[in-house]
Amino acid sequence: MTHKELTFDIPFHKFQMGRIDTFIDEEILNLKLDKGVVTITAPDQIMLTSIEYEEDLVKDFTEAYIYYTREVQKNTDPYILSKMPTNRITVPFNLSRLVLGDWQQIVFFTLDDMDKITLQLDFQLSHSILGLESMHTTAELQTFDITDIIQRTLMNSHEDKVTVVSPSESAVLYTLYPDKYKDFVAFLEALAPKNKTYRHSHSWDIHEVAYTHIRAAFISQILTLNTSGGGLDLKGERLFLTELDTIPRRRDIYFEIWKESR
């Protein structure tokens with residue numbers, strides 16, 4: 001494992017966002033690493049997530065997050081809230097660059113004022129094959145249980161981690177107890193209502209785009225899951241993909257199987 005630090009030695013205001021994937025790609029190149037995963041750990045006052053880093057969408061997300069802290073959070077099941085991004089994320093890299101879904105970038109989002117930000121980067125090489133599974137979606141909120149798809153690839157594997165990457169900024173990837181799905185959908189709808197006007201929509205000429213991207217940024221889109229006995233160890237949960245877009249799409253799910261350093 002190779003450890004590095006990435007420091008932004010300037011003050012940041014509460015609810016400010018910054019893109020970091022390009023800096024991490026530079027570190028991967030400088031270290032001459034080809035394939036593996038990088039675990040990014042931020043201070044507790046930081047949330048790490050993936051988003052299309054576009055100015056209007058960043059503003060929309062910030063407004064949605066402020067609304068979340070004032071209205072949505074207090075009325076939401078803590079179990080559902082546990083699916084939100086945290087200050088730690090593991091991202092695969094291949095051919096010396098991060099593997100991300102379409103139009104996604106890795107960003108930090110400050111939850112408080114900070115004098116500076118230092119991120120811990122732990123790079124770990126992997127010799128497993130980066131997996132890819134494809135599916136076609138046809139409707140908004142169409143949901144697939146992809147647990148068995150990933151399980152098939154894990155059969156006879158002696159690795160102990162798998163990192164799964166959402167295919168797009170408008171497709172949500174998450175683990176969940178199946179009986180919590182209605183609560184999960186209600187949470188998404190509360191975060192970014194469909195009938196609201198957003199800045200981001202002005203950039204696209206399609207009103208439906210904005211709220212799907214905001215909703216997706218509130219969910220951990222890149223998941224690292226434990227394995228046991230050649231299968232996912234989900235403690236009773238299942239791994240799901242939900243389409244947020246309103247038109248048919250092909251979705252490619254990327255995943256990296258790897259062994260954690262002891």
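The values are calculated or read from the model by the stated rules, or taken from the named source; none is laboratory data. Values in this document were obtained by computation on a predicted structure and should not be read as measured data. In this analysis, Cβ positions are derived from the backbone assuming ideal geometry, glycine residues included, and neighbour counts consider all displayed protein chains.
Things worth noting here:
- Among the residues of the stretch 124-136, those that are more than 19 Å from Thr175 (Cα to Cα) and either over 18 Å from the mean Cα position of the chain (by Cα) or of a type in the set (Asp, Glu) (or both) comprise Gln124, Leu125, Ser126, His127, Ser128, Ile129, His136.
- Among (1) surrounded by 15 or more Cβ atoms within 10 Å (Cβ to Cβ); (2) under 25 Å from Phe255 (Cβ atoms); (3) polar (S, T, N, Q), the one test that Ser201 misses: (2)
- Residues that are part of a loop (DSSP other than H, G, I, E, B) and surrounded by fewer than 17 Cβ atoms within 10 Å (Cβ to Cβ) within the stretch 34-46 comprise Asp34, Pro43, Asp44, Gln45, listed in sequence order.
- Selected residue [surrounded by 17 or more Cβ atoms within 10 Å (Cβ to Cβ) and not acidic (Asp, Glu)] from Thr49, Thr22, Thr7, Thr2: Thr49
- Among the residues listed as Asp122, Asp112, the single one being touching a residue at least 12 places away in the same chain (Cβ under 8 Å), surrounded by 15 or more Cβ atoms within 10 Å (Cβ to Cβ) and either of a type outside the set (Gly, Ala, Ser) or part of a strand (DSSP E or B) (or both): Asp122
- Odd one out for Lys161, checked against (1) over 27 Å from Gly230 (Cβ atoms); (2) under 21 Å from the mean Cα position of the chain (by Cα); (3) of a type in the set (D, E, K, R): (1)
- Condition check for Tyr177: at pLDDT 90 or above, under 23 Å from Asp77 (Cβ atoms), hydroxyl-bearing (Ser, Thr, Tyr) and surrounded by fewer than 22 Cβ atoms within 10 Å (Cβ to Cβ): yes
- Exactly one residue out of Leu6, Leu81 is under 17 Å from the mean Cα position of the chain (by Cα) and of a type in the set (A, V, I, L, M), and it is Leu81.
- Any hit, the stretch 251-261, residues being crowded, with 22+ Cβ neighbours inside 10 Å and acidic (Asp, Glu): yes
- Test set (1) more than 15 Å from Ile219 (Cβ to Cβ); (2) aliphatic (A, V, I, L, M); (3) crowded, with 18+ Cβ neighbours inside 10 Å; (4) touching a Gly at 6+ places or on another chain (Cβ under 7 Å) - Met155 fails condition number: (3)
- Residues of the stretch 242-256 classified as within 25 Å of Phe93 (Cβ to Cβ) and either assigned to a loop (DSSP other than H, G, I, E, B) or under 17 Å from the mean Cα position of the chain (by Cα) (or both), total: 6
- Looking across Leu225, Leu234, Leu188, Leu239, one residue alone is within 25 Å of Met47 (Cα to Cα), in contact (Cβ under 8 Å) with a residue 24 or more places away in the chain and either touching a Gly at 6+ places or on another chain (Cβ under 8 Å) or assigned to a loop (DSSP other than H, G, I, E, B) (or both). It is Leu234.
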